[in-house]
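Here's the structure, in structure tokens; my notes come after.
The values are calculated or read from the model by the stated rules, or taken from the named source; none is laboratory data. The structure presented is a predicted model; accordingly, all values stated were derived computationally and were not measured. Positions of Cβ are generated from backbone atoms using ideal geometry, with glycine treated the same way; all protein chains shown enter the neighbour counts.
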Amino acid sequence: MKRRSPARPSRSSRSRAAVRPSGPQFSVRYSCPARLYDPKAFSHVVEVVGGRLVFISGQVPVDSQRQLSSKVFREQVRKVYDNLEIALKSVGAGFENVVKTTNYLTNIAQAKDFREAREELFAHLKTRPASTTVVITALVDPEYLVEIEMIAAVPAR
């Protein structure tokens, strides 16, 4: 059986940062294919070669006692990102290792505030993770206004 060589990106693909150095036999490539619009806040394509993927369950705005942090949307977003940072650090990662986020909001009117908070968090990075934001009718607790899950890529152990 003949093995196919890995698909190569077309010349029409634009890379924001060719590869984020991550140690031996591990790389992450961010790109925006030429036929898609060029977003500034996220990447259309994130390719992980080598390493390991870490999947972080959706985090909500609660503390370690499962108490709601605040009823204010921006404060809930901050708490969710704090929880995500704790989860990332537990596997030796940080926001620079995030390759994909999925964001759930309960109110479309809060999308602008959410985008601003997300952009603050990722502002120091040259490349941004792939991202999907979905507006839903409710989360498991009606007081939760936001939930975020992440996928990170880190070097193999």
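With respect to ASN83, determine if the residue is under 30 Å from GLY51 (Cβ atoms) and without any contact (Cβ under 8 Å) to a residue 60 or more places away in the chain. Considered against the rule, which asks whether it is under 30 Å from GLY51 (Cβ atoms) and without any contact (Cβ under 8 Å) to a residue 60 or more places away in the chain, ASN83 comes out as yes.
Considering the stretch 1-116, the qualifying strands (runs of 3 or more DSSP E), each wholly inside and each with 1 or more residues that are more than 16 Å from GLU149 (Cα to Cα) and either hydroxyl-bearing (Ser, Thr, Tyr) or modelled with pLDDT of 80 or more (or both), run over 13-15, 27-33, 45-49, 52-59. Candidates VAL60, VAL54, VAL46, VAL77: the one that is surrounded by 14 or more Cβ atoms within 10 Å (Cβ to Cβ) and more than 25 Å from ALA111 (Cβ to Cβ) is VAL54. In this structure, does GLU149 turn out to be in contact with a Gly (Cβ under 9 Å, 6 or more places away or on another chain) and within 25 Å of CYS32 (Cα to Cα)? So GLU149 passes the test. Among the residues of this structure, ALA123 counts as one that is without any contact (Cβ under 8 Å) to a residue 24 or more places away in the chain and either among the basic types (Lys, Arg) or under 29 Å from TYR37 (Cβ atoms) (or both).
Scan the stretch 80-91 for residues that are under 16 Å from the mean Cα position of the chain (by Cα) and exposed (fewer than 13 other Cβ atoms within 10 Å of the Cβ) and the total you get is 2. Looking only at residues of the stretch 118-145 that are assigned to a strand (DSSP E or B) and over 12 Å from the mean Cα position of the chain (by Cα), we find that the one that is farthest from VAL28 (Cα to Cα) is VAL135.
Every residue, every condition in (1) buried (at least 16 other Cβ atoms within 10 Å of the Cβ); (2) touching a residue at least 24 places away in the same chain (Cβ under 8 Å); (3) closer than 20 Å to VAL62 by Cβ, yes or no:
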| residue | (1), (2), (3) |
| --- | --- |
| GLU96 | yes, yes, no |
| LYS100 | yes, yes, no |
| TYR104 | yes, yes, yes |
| ILE108 | no, yes, no |
| ILE136 | no, yes, yes |
| MET150 | yes, yes, yes |
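Residue by residue through the stretch 117-139, note down the ones that are modelled with pLDDT of 95 or more and out of contact with any strand residue (DSSP E or B) (no Cβ under 6 Å at 6 or more places or on another chain). Across the stretch 117-139, the qualifying residues are THR137, ALA138.
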